[in-house]
Amino acid sequence: MNALLKNKNILVTGAAGLLGAQLCQAILGQGGKVIAADLTFDKNDFFSQKNQAEYNGRLETVKTDVTQPHEVEALFGQIDSIDGAVNCSYPRNKSYGQHFFDVTMESFNDNLAQNLGSAFLFMQQSAKYFKKSMQPFSLVNISSIYGVVAPKFEVYENTQMTMPVEYAAIKAALQHLSRYAAAYVNDSKFRVNCICPGGIFDNQSQSFLTAYKQQTNGKGMLDVNDVTGSIIFLLSDLSSYVTGQNIVVDDGFCL
(Lines give C-alpha, C1' and ligand atoms only; values in the text may rest on other atoms or scores of the structure.)
Protein backbone atom coordinates (compact mmCIF):
# COMPACT_ATOMS: atom_id res chain seq x y z
CA MET A 1 0.00 0.00 0.00
CA ASN A 2 1.31 3.44 -0.89
CA ALA A 3 2.15 5.90 1.86
CA LEU A 4 -0.95 8.02 2.47
CA LEU A 5 0.91 11.31 2.88
CA LYS A 6 3.72 10.88 0.37
CA ASN A 7 5.07 14.28 -0.73
CA LYS A 8 2.64 16.14 1.55
CA ASN A 9 3.90 18.88 3.86
CA ILE A 10 2.05 19.08 7.18
CA LEU A 11 2.29 21.75 9.88
CA VAL A 12 1.78 20.49 13.44
CA THR A 13 1.46 22.88 16.39
CA GLY A 14 1.86 21.61 19.93
CA ALA A 15 4.24 19.18 18.29
CA ALA A 16 6.29 18.40 21.40
CA GLY A 17 3.25 17.30 23.41
CA LEU A 18 1.92 13.82 24.06
CA LEU A 19 -0.27 13.68 20.95
CA GLY A 20 1.76 16.06 18.80
CA ALA A 21 5.01 14.10 19.00
CA GLN A 22 3.35 10.78 18.12
CA LEU A 23 1.45 12.43 15.31
CA CYS A 24 4.66 13.83 13.82
CA GLN A 25 6.12 10.32 13.80
CA ALA A 26 2.95 8.94 12.18
CA ILE A 27 3.02 11.58 9.44
CA LEU A 28 6.67 10.83 8.72
CA GLY A 29 5.82 7.13 8.66
CA GLN A 30 3.27 7.81 5.94
CA GLY A 31 5.84 9.56 3.77
CA GLY A 32 4.97 13.12 4.72
CA LYS A 33 7.14 16.05 5.69
CA VAL A 34 6.54 17.72 9.07
CA ILE A 35 6.97 21.30 10.15
CA ALA A 36 6.76 20.92 13.94
CA ALA A 37 5.92 24.05 15.92
CA ASP A 38 5.95 24.44 19.70
CA LEU A 39 7.27 26.69 22.47
CA THR A 40 10.16 24.35 23.21
CA PHE A 41 11.48 20.97 22.12
CA ASP A 42 14.15 20.58 24.80
CA LYS A 43 12.48 17.71 26.67
CA ASN A 44 11.54 15.60 23.66
CA ASP A 45 14.35 13.47 22.23
CA PHE A 46 12.41 12.78 19.03
CA PHE A 47 13.14 16.31 17.86
CA SER A 48 16.90 16.14 18.46
CA GLN A 49 19.13 17.44 15.68
CA LYS A 50 20.45 13.93 15.13
CA ASN A 51 16.93 12.58 14.63
CA GLN A 52 16.02 15.44 12.34
CA ALA A 53 19.07 14.68 10.22
CA GLU A 54 18.04 11.02 9.93
CA TYR A 55 14.77 12.06 8.28
CA ASN A 56 16.70 13.73 5.47
CA GLY A 57 15.08 17.11 5.73
CA ARG A 58 11.53 15.82 6.23
CA LEU A 59 11.38 17.03 9.86
CA GLU A 60 11.76 20.71 10.68
CA THR A 61 11.20 22.39 14.06
CA VAL A 62 10.08 25.98 14.60
CA LYS A 63 9.69 27.60 18.03
CA THR A 64 6.32 29.36 18.06
CA ASP A 65 3.95 30.74 20.68
CA VAL A 66 0.49 30.12 19.22
CA THR A 67 -1.07 32.73 21.53
CA GLN A 68 0.92 35.52 19.89
CA PRO A 69 -0.58 36.76 16.59
CA HIS A 70 2.71 38.06 15.20
CA GLU A 71 4.40 34.69 15.77
CA VAL A 72 1.61 32.70 14.11
CA GLU A 73 1.50 35.13 11.20
CA ALA A 74 5.28 34.85 10.86
CA LEU A 75 5.04 31.04 10.96
CA PHE A 76 2.67 30.94 8.00
CA GLY A 77 4.64 33.66 6.25
CA GLN A 78 7.85 31.64 6.24
CA ILE A 79 6.28 28.43 4.90
CA ASP A 80 6.83 27.79 1.22
CA SER A 81 4.20 25.10 0.76
CA ILE A 82 1.95 23.06 3.04
CA ASP A 83 -0.90 20.67 2.29
CA GLY A 84 -2.42 20.57 5.74
CA ALA A 85 -2.15 21.47 9.39
CA VAL A 86 -3.03 19.95 12.75
CA ASN A 87 -3.44 22.06 15.88
CA CYS A 88 -2.43 19.94 18.87
CA SER A 89 -1.58 22.91 21.09
CA TYR A 90 -3.35 23.49 24.41
CA PRO A 91 -2.21 26.74 26.07
CA ARG A 92 -3.63 27.41 29.54
CA ASN A 93 -2.88 29.34 32.72
CA LYS A 94 -1.69 28.06 36.10
CA SER A 95 -5.22 28.03 37.54
CA TYR A 96 -6.54 25.72 34.83
CA GLY A 97 -8.20 22.51 36.00
CA GLN A 98 -9.78 23.63 39.26
CA HIS A 99 -13.15 22.33 40.39
CA PHE A 100 -16.22 24.15 39.07
CA PHE A 101 -16.95 26.23 42.19
CA ASP A 102 -13.30 27.26 42.51
CA VAL A 103 -12.91 28.66 38.99
CA THR A 104 -12.93 32.46 38.89
CA MET A 105 -14.44 34.34 35.97
CA GLU A 106 -11.04 35.94 35.34
CA SER A 107 -9.32 32.56 35.07
CA PHE A 108 -12.14 31.10 32.94
CA ASN A 109 -11.96 34.00 30.50
CA ASP A 110 -8.17 33.86 30.38
CA ASN A 111 -8.14 30.16 29.50
CA LEU A 112 -10.72 30.63 26.77
CA ALA A 113 -8.76 33.57 25.40
CA GLN A 114 -5.52 31.58 25.34
CA ASN A 115 -6.86 28.31 24.01
CA LEU A 116 -9.92 29.09 21.93
CA GLY A 117 -8.41 32.41 20.88
CA SER A 118 -5.26 30.76 19.60
CA ALA A 119 -7.36 28.10 17.80
CA PHE A 120 -9.31 30.88 16.08
CA LEU A 121 -6.05 32.57 15.10
CA PHE A 122 -4.65 29.33 13.69
CA MET A 123 -7.79 28.64 11.65
CA GLN A 124 -7.84 32.21 10.38
CA GLN A 125 -4.22 32.09 9.27
CA SER A 126 -4.71 28.66 7.68
CA ALA A 127 -7.62 30.07 5.66
CA LYS A 128 -5.58 33.12 4.63
CA TYR A 129 -2.73 30.85 3.56
CA PHE A 130 -5.13 28.79 1.46
CA LYS A 131 -6.60 31.89 -0.18
CA LYS A 132 -3.08 32.95 -1.13
CA SER A 133 -1.87 29.56 -2.41
CA MET A 134 -5.20 28.10 -3.64
CA GLN A 135 -3.72 24.64 -3.19
CA PRO A 136 -5.73 21.86 -1.46
CA PHE A 137 -5.49 22.24 2.31
CA SER A 138 -6.77 20.01 5.12
CA LEU A 139 -6.98 21.49 8.63
CA VAL A 140 -7.56 19.18 11.59
CA ASN A 141 -8.50 20.45 15.05
CA ILE A 142 -8.38 18.36 18.21
CA SER A 143 -11.70 18.49 20.04
CA SER A 144 -12.88 15.89 22.56
CA ILE A 145 -15.75 13.63 23.53
CA TYR A 146 -16.45 16.28 26.19
CA GLY A 147 -17.20 18.68 23.38
CA VAL A 148 -19.91 16.20 22.33
CA VAL A 149 -21.45 14.91 25.57
CA ALA A 150 -21.68 16.11 29.16
CA PRO A 151 -18.94 14.89 31.51
CA LYS A 152 -19.42 11.61 33.33
CA PHE A 153 -18.33 12.96 36.70
CA GLU A 154 -18.63 9.57 38.38
CA VAL A 155 -15.33 8.47 36.78
CA TYR A 156 -13.55 11.15 38.82
CA GLU A 157 -14.86 9.98 42.20
CA ASN A 158 -12.14 8.94 44.68
CA THR A 159 -9.55 10.94 42.72
CA GLN A 160 -8.14 14.48 42.88
CA MET A 161 -9.15 14.97 39.26
CA THR A 162 -12.08 16.70 37.65
CA MET A 163 -13.22 17.53 34.13
CA PRO A 164 -12.37 21.24 33.81
CA VAL A 165 -15.28 23.47 32.82
CA GLU A 166 -12.93 25.43 30.55
CA TYR A 167 -12.14 22.24 28.66
CA ALA A 168 -15.82 21.54 27.96
CA ALA A 169 -16.44 25.08 26.72
CA ILE A 170 -13.34 25.14 24.54
CA LYS A 171 -13.80 21.75 22.95
CA ALA A 172 -17.47 22.30 22.13
CA ALA A 173 -16.78 25.74 20.64
CA LEU A 174 -13.88 24.37 18.63
CA GLN A 175 -16.23 22.12 16.66
CA HIS A 176 -18.47 24.98 15.63
CA LEU A 177 -15.53 27.26 14.82
CA SER A 178 -14.29 24.52 12.50
CA ARG A 179 -17.63 24.44 10.69
CA TYR A 180 -17.64 28.25 10.54
CA ALA A 181 -14.21 28.35 8.89
CA ALA A 182 -15.13 25.68 6.35
CA ALA A 183 -18.40 27.44 5.48
CA TYR A 184 -16.82 30.90 5.32
CA VAL A 185 -14.05 29.89 2.91
CA ASN A 186 -16.60 27.88 0.92
CA ASP A 187 -14.17 26.03 -1.29
CA SER A 188 -13.97 22.27 -1.77
CA LYS A 189 -10.18 22.43 -1.66
CA PHE A 190 -10.18 23.88 1.89
CA ARG A 191 -11.35 21.33 4.45
CA VAL A 192 -11.68 21.72 8.22
CA ASN A 193 -12.50 18.79 10.50
CA CYS A 194 -12.22 17.73 14.13
CA ILE A 195 -11.06 14.62 15.88
CA CYS A 196 -12.92 13.98 19.15
CA PRO A 197 -10.86 11.48 21.14
CA GLY A 198 -11.80 9.85 24.39
CA GLY A 199 -9.39 9.96 27.31
CA ILE A 200 -5.76 9.35 26.42
CA PHE A 201 -3.56 7.39 28.81
CA ASP A 202 -1.01 9.54 30.61
CA ASN A 203 -0.27 7.68 33.86
CA GLN A 204 -3.57 8.56 35.54
CA SER A 205 -4.50 6.95 38.86
CA GLN A 206 -5.62 3.34 38.81
CA SER A 207 -9.02 4.16 40.35
CA PHE A 208 -9.71 6.59 37.51
CA LEU A 209 -8.52 4.15 34.85
CA THR A 210 -10.79 1.42 36.23
CA ALA A 211 -13.84 3.68 36.43
CA TYR A 212 -13.22 5.09 32.96
CA LYS A 213 -12.80 1.64 31.41
CA GLN A 214 -16.24 0.63 32.67
CA GLN A 215 -17.74 3.37 30.49
CA THR A 216 -16.18 1.99 27.29
CA ASN A 217 -16.59 -1.21 25.28
CA GLY A 218 -13.44 -2.63 26.86
CA LYS A 219 -10.43 -0.62 25.74
CA GLY A 220 -10.54 1.99 28.47
CA MET A 221 -8.17 4.92 28.07
CA LEU A 222 -6.80 5.25 24.57
CA ASP A 223 -3.17 5.04 23.57
CA VAL A 224 -1.98 7.99 21.51
CA ASN A 225 -1.58 5.77 18.46
CA ASP A 226 -5.30 4.94 18.67
CA VAL A 227 -5.99 8.55 17.67
CA THR A 228 -3.35 9.30 15.04
CA GLY A 229 -4.86 7.06 12.38
CA SER A 230 -8.00 9.16 12.09
CA ILE A 231 -5.92 12.31 11.78
CA ILE A 232 -3.83 10.75 9.02
CA PHE A 233 -7.06 9.85 7.23
CA LEU A 234 -8.30 13.44 7.37
CA LEU A 235 -4.97 14.76 6.10
CA SER A 236 -4.92 12.30 3.23
CA ASP A 237 -6.66 12.28 -0.13
CA LEU A 238 -8.84 9.42 1.12
CA SER A 239 -10.97 12.02 2.90
CA SER A 240 -11.44 14.38 -0.03
CA TYR A 241 -14.73 16.30 0.41
CA VAL A 242 -15.02 15.35 4.09
CA THR A 243 -15.36 18.73 5.81
CA GLY A 244 -17.03 20.23 8.87
CA GLN A 245 -17.15 16.81 10.54
CA ASN A 246 -16.21 15.40 13.95
CA ILE A 247 -14.72 11.92 14.06
CA VAL A 248 -15.30 10.45 17.52
CA VAL A 249 -12.65 7.95 18.64
CA ASP A 250 -13.72 6.74 22.08
CA ASP A 251 -14.42 2.97 22.08
CA GLY A 252 -18.06 3.57 22.90
CA PHE A 253 -17.68 6.08 25.77
CA CYS A 254 -20.39 8.30 24.25
CA LEU A 255 -22.86 5.44 23.66
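The values are calculated or read from the model by the stated rules, or taken from the named source; none is laboratory data. This structure is a prediction, so every number in the text was calculated from the model and none was measured. Note that each Cβ is placed from the backbone with ideal geometry, even for glycine, and that neighbours are counted across all protein chains shown.
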Selection from the range 64-77 of residues that are under 17 Å from the mean Cα position of the chain (by Cα) and not in a helix (DSSP H, G or I):
Thr64, Asp65, Val66, Thr67
Run Phe130 past the list (1) within 15 Å of Leu11 (Cα to Cα); (2) within 19 Å of the chain's Cα centre (by Cα) and report the number of the one that doesn't hold.
(2)
Please indicate, with yes or no, whether at least one residue in the range 133-141 is modelled with pLDDT of 95 or more, among the aromatic types (Phe, Trp, Tyr), assigned to a helix (DSSP H, G or I) and on the phi < 0 side of the Ramachandran plot.
no
One residue from Ala3, Ala26 being crowded, with 19+ Cβ neighbours inside 10 Å and touching a residue at least 12 places away in the same chain (Cβ under 8 Å)
Ala26
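For the range 218-243, what are the residues that are of a type in the set (S, T, N, Q), buried (at least 17 other Cβ atoms within 10 Å of the Cβ) and more than 20 Å from Asp187 (Cα to Cα)?
Narrowing the range 218-243 to residues of a type in the set (S, T, N, Q): 225, 228, 230, 236, 239-240, 243.
If we keep only those that are buried (at least 17 other Cβ atoms within 10 Å of the Cβ) too, we end up with 228, 230, 236, 239, 243.
Listed by number, the residues that qualify are Thr228, Ser230.
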Considering the range 81-119, residues that are of a type in the set (Val, Ile, Thr) and assigned to a loop (DSSP other than H, G, I, E, B), and then whichever is farthest from Val227 (Cα to Cα), we arrive at Thr104
Being surrounded by 15 or more Cβ atoms within 10 Å (Cβ to Cβ), of a type in the set (S, T, N, Q) and over 26 Å from Asn186 (Cα atoms) is the filter here, so list the residues in the range 133-171 that pass it.
Thr162
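From Phe108, Phe46, which residue is more than 18 Å from the chain's Cα centre (by Cα) and under 23 Å from Phe201 (Cβ atoms)?
Phe46
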